[in-house]
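Please read the structure below before turning to the comments.
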Amino acid sequence: MGRRSKYGNKKVTVDGIKFDSKKEAGRWFDLKLLEKAGEIGGLERQVPFYLEGRDGPILTPTGRKMRYVADFTYIDWRHKGAKIVEDAKGFRTKEYLIKKAILAAMGIVISEV
């Protein structure tokens, strides 16, 4: 019997692509349709953003640069070419909320779906 996820999500593989949840997989295919229709462009998955503070990079306890990995990024032509950073959230952890706030201070807003 497989291990159960801490937050109840089930990892899935669709068309050879591994996703952390069914919700994330569904959103990917919605976005692929929008890209095919020309409404969005530059669609990417699992894009890292390194967190910066006032005095430089924020480091983990082991000294590595701390990062947030967005589920998706894309250019939304329906909104004047705005760069969208998106997360298919099922559960908002404390760590996620902190990273989201740091990114907002850096001028990066995360859209949750």
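Quick check for me: using +1 on Lys/Arg Cβ and -1 on Asp/Glu Cβ, what's the dipole size of the chain about its Cα centre, in debye to the nearest 20?
I would put it at about 520 debye.
As a test of the formula, what do you get for the chain when each DSSP H run with n ≥ 4 contributes -39,500 (n - 2.57) and the sum is divided by the residue count, at 222 nm and rounded to the nearest 500 deg cm²/dmol?
On the way: 2 runs with 27 residues, N = 113.
Value at 222 nm, helices only: -7500 deg cm²/dmol.
List the chymotrypsin sites (Phe, Trp or Tyr not before Pro) within the range 29-113 that fall in a DSSP loop (any state other than H, G, I, E or B) and whose Cβ has at most 13 other Cβ atoms within 10 Å.
The qualifying sites are Phe91.
Let me check against my output: what whole-number percent is the relative contact order of the chain, with C-alpha pairs under 8 Å and at least 6 apart? Please report the intermediate quantities before stating the final value.
Values: 151 pairs, mean separation 22.1, N = 113.
Rounded, it is 20 percent for the chain.
Report, to the nearest whole %, how much of the accessible area of the chain belongs to carbon and sulfur atoms, 1.4 Å probe, protein only.
The value for the chain is 55 percent carbon and sulfur by accessible area.
Counting alpha carbon pairs within less than 8 Å and at least 6 residues apart, what relative contact order, in whole percent, applies to the range 48-113?
28 percent
Once you've got the Cα coordinates, tell me which of Lys22/Lys99; Lys22/Lys100; Lys11/Lys99; Lys10/Lys100; Lys18/Lys89; Lys11/Lys80 are over 27 Å apart.
Lys11/Lys80
Send over a whole-number figure in Å² for the accessible area per residue of the chain, probe 1.4 Å.
For the chain, the solvent-accessible area averages 70 Å² per residue.
Once you order the gyration tensor axes a ≥ b ≥ c over the Cα atoms, which shape class does the chain get: rounded for a/c under 1.5, otherwise prolate or oblate by comparing a/b with b/c?
Oblate, because a/c is 1.5 or more while a/b does not exceed b/c.
Using θ = phi - 60° and the Karplus curve 6.51 cos²θ - 1.76 cosθ + 1.60, what whole-Hz ³J(HN,Hα) does each residue of the range 30-44 get, with Gly and Pro shown as x?
The phi angles translate into 5, 5, 4, 5, 5, 5, 5, 7, x, 7, 9, x, x, 5, 9 Hz.
The values are calculated or read from the model by the stated rules, or taken from the named source; none is laboratory data. In this text the structure is predicted, and so the values were computed from the model without any measurement. Cβ sites come from the backbone with ideal geometry, for glycine too, and all protein chains shown count toward neighbours. The protein model used for the area step is the full one, side chains on, heavy atoms only, and it has no ligands, DNA or RNA in it. Shrake-Rupley method; radii C 1.70, N 1.55, O 1.52, S 1.80 Å.
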